[in-house]
Amino acid sequence: MEALGIEYLSAVLKSAGHQATLVYRPALFANYRVRIPGLETLLGGRLQDTVSEILAKSPDLLAFTVNISNMYNVVKLIRLVRQKSRVPIVVGGPMATSSAEFFLKHDLGDFVVIGEGEDAFLELVDALDSGRDPSRIRNLWFKRQEGVIRNPARPFVTDLDQIPFPDRTLYQEHGAVFGIIMAGRGCPFSCSYCFSGTGFRRTAPNPRHYYRIRDPLKVVQEASEAKTRYKVRWFHFMDDIFPVKRSWLETFFEAWKRDVNRPFDIYMAPIRMDRSLVRKLADAGCRHVNIGLQSAVPRIYRDLMGRRFKLEDVVALVRDLSANGITVAVENIIGVPTETRKEMLESMEWTVKHLPQAFVYTYKYVPLPGTPMAALAARVSGQDPETWLETLMEQPVDYRGTTFFVHPESDLANNIQDLEKVIGYIPESLRRRVLEKPSRTLKFVLKPAALVTTLWGANINWLPSYLLFYESQIGRLLGRRIKRH
Ligand code: B12
Ligand code: SF4
């Protein structure tokens, strides 16, 4: 699916006169939301074909964005490319940022860009294009005979409005413009499990400027152009936390209704929002809100995760959003280091009891390198994070399962995850027993019920994008196959 990081980097290159193209291998039926084993290779083709497609374009530079869930495929691609070509390779994104030494040690790229990439990437491309020495580019790390060169980092761009709008044409030709957009960058909080709030924030000498908000009118202008040019019908704001400043919101709402007038969804922090603002949010077109609760147990959310919110504020927020016709998804993390059975159950029970209007999503905890909680996970499990990275090269990670860091209570975590959508319908007195020991028959009935609720509920807002996407991808692949034979 559309990735804003890639679109911003491409926009910056193109505005400086360079060319950029995207080789796109959609993880059809093997992605973050829809996973049907086996169909991925059948429909997506072999990685070898992707490599041939890349090399057929005779690139001067190959760029990969790496996060924990695509690392497995990126590593494979880089190795396959290396067997056939010496084209320079640059990697960036969260995993490259947190584990730059690892990438260089394992020859997974010639250059690593740490943190925010626009300026460093453009300087690298300019240097390679004109034959200049790239060795002093800030944020750039690479290997020389004398060892790894780790250039110092530049400050975060403080005025995001200087950066050109993301280049959606890259995805347009693949039918994959999903209407993903951001009103700012960064986050004001620093939760211990989160790479954005901790790792990314530390990549620049001005961490206080990590959280930035764009001019609301520029955001609206970008959306309005995307609506006309790419026929976007629904926008997904992917900000870690959507802006909550009243003056910002009021300007945004008014301009959005006037110039865009399309539904949208956002992520919000679990903090109270004035009721009049909630009404205006709904009136402007917000149809869905995701809230990260993560846990309802104070020892977990406050002491371990470092999150400062009040449970009663979450209850009020979810109630007000729902009362205004906005669907709400509440996301929890399960299986963090030192979390007990009792705490896992308590968190789930509190969530379904006090937030009955919300769709619950439970994600298993995956340690993100470079975060304080990953260091704790390594300590309590006695594992070496270097071995996690090695595992990640061999096995993909997704949101339902962990590749490494197996929590001792993972069976209970699995049950909770399987029954998250339906447990609220079971009488309160039976919930704990069902979560601890669901009978096979019950699971057999409840799991499909949970799937239907998921599709019908909170994710309904993604359906138009997904339907169009799958239709265009399958059409494209069939077209290709028919042409080939
Ligand atoms: C939007 C988003 C999603 C969307 C993805 C939509 C999409 N395709 O983009 C959804 C909701 C689907 C999603 C899902 C997941 N996400 Co997410 N997501 C984000 C979020 C909030 C914003 C990403 C973004 O667009 N940022 C804006 C752009 C401009 O920044 P950027 O991508 O970082 O790119 C900049 C730099 O990193 C750098 N850069 C990036 N790539 C490259 C490449 C090169 C060559 C260069 C030079 C530079 C460079 O330059 C860019 C411009 O400055 C981030 C948090 C965050 N604040 O970054 C988490 C984040 C990326 N997600 C994360 C995770 C863990 C996940 C999941 C695994 C969660 C889960 N448990 O399921 C899944 C995996 C999905 C998948 N298969 O990739 C983690 C990744 C941590 C890690 N170590 O990899 C993050 C950082 C959040 C966190 N918890 O810390 N996510
Ligand atoms: S509020 Fe969300 S994005 Fe911000 S630090 Fe916490 S988990 Fe990360």
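The values are calculated or read from the model by the stated rules, or taken from the named source; none is laboratory data. Fair warning: this is a prediction, and the values are worked out from it, not measured in the lab. No Cβ is skipped: glycine too gets one built from the backbone with ideal geometry, and neighbour counts run over all protein chains shown.
Among the numbered criteria (1) more than 12 Å from ligand 1 (Cβ to nearest atom); (2) outside any loop (DSSP other than H, G, I, E, B), which single criterion is violated by S196? The one condition S196 does not meet is (1).
Based on what the data block shows, is E394 surrounded by fewer than 16 Cβ atoms within 10 Å (Cβ to Cβ) and either out of contact with any Pro (no Cβ under 9 Å at 6 or more places or on another chain) or touching a residue at least 40 places away in the same chain (Cβ under 8 Å) (or both)? Yes; evaluated as a whole, the condition is true for this residue. Does P205 satisfy the condition of being assigned to a loop (DSSP other than H, G, I, E, B) and more than 15 Å from ligand 1 (Cβ to nearest atom)? Here the answer is yes, as P205 does meet what is asked. Selection of first residues in region 215-230 that are more than 14 Å from R258 (Cα to Cα) and of second residues that are of a type in the set (S, T, N, Q), restricted to Cβ pairs under 8 Å at least 6 apart or on distinct chains, gives the following pairs, ordered by first then second residue: Y230/Q172.
L293 meets each of the listed conditions (1) of a type in the set (A, V, I, L, M, F, W, C); (2) more than 14 Å from ligand 2 (Cβ to nearest atom); (3) in contact with a helix residue (DSSP H, G or I) (Cβ under 7 Å, 6 or more places away or on another chain) apart from (2).
L43 - would you say it is at pLDDT below 80 and outside any loop (DSSP other than H, G, I, E, B)? Judged against the criteria, L43 is a match.
Within region 1-16, the set of residues being among the acidic types (D, E) and in a helix (DSSP H, G or I) comprises E7 only.
Okay, residues lined up against (1) within 15 Å of G179 (Cβ to Cβ); (2) part of a helix (DSSP H, G or I):
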{"residue": "W248", "(1), (2)": "no, yes"}
{"residue": "T251", "(1), (2)": "no, yes"}
{"residue": "A255", "(1), (2)": "no, yes"}
{"residue": "R262", "(1), (2)": "yes, no"}
{"residue": "D265", "(1), (2)": "yes, no"}
{"residue": "P270", "(1), (2)": "no, no"}
{"residue": "V278", "(1), (2)": "no, yes"}
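All conditions but one from (1) away from ligand 2 (no atom under 16 Å from the Cβ); (2) charged (D, E, K, R); (3) at pLDDT 95 or above apply to R233; the one that does not is (3). Note on region 48-85: residues that are hydroxyl-bearing (S, T, Y) and either in contact with a Gly (Cβ under 7 Å, 6 or more places away or on another chain) or assigned to a helix (DSSP H, G or I) (or both) total 4.
Applying the condition of being within 16 Å of ligand 1 (Cβ to nearest atom) and closer than 18 Å to P216 by Cα to region 249-293 and asking which residue is surrounded by the fewest Cβ atoms within 10 Å (Cβ to Cβ) yields Y267.
The sole residue among S224, S190 that is surrounded by fewer than 20 Cβ atoms within 10 Å (Cβ to Cβ) and away from ligand 2 (no atom under 16 Å from the Cβ) is S224.
Taken as a whole, the condition of being more than 26 Å from P356 (Cβ to Cβ) and within 16 Å of ligand 1 (Cβ to nearest atom) does not apply to P216. Among residues of region 48-88 being modelled with pLDDT under 95 and farther than 22 Å from V112 by Cβ, the one that is nearest to ligand 1 (Cβ to nearest atom) is E53.
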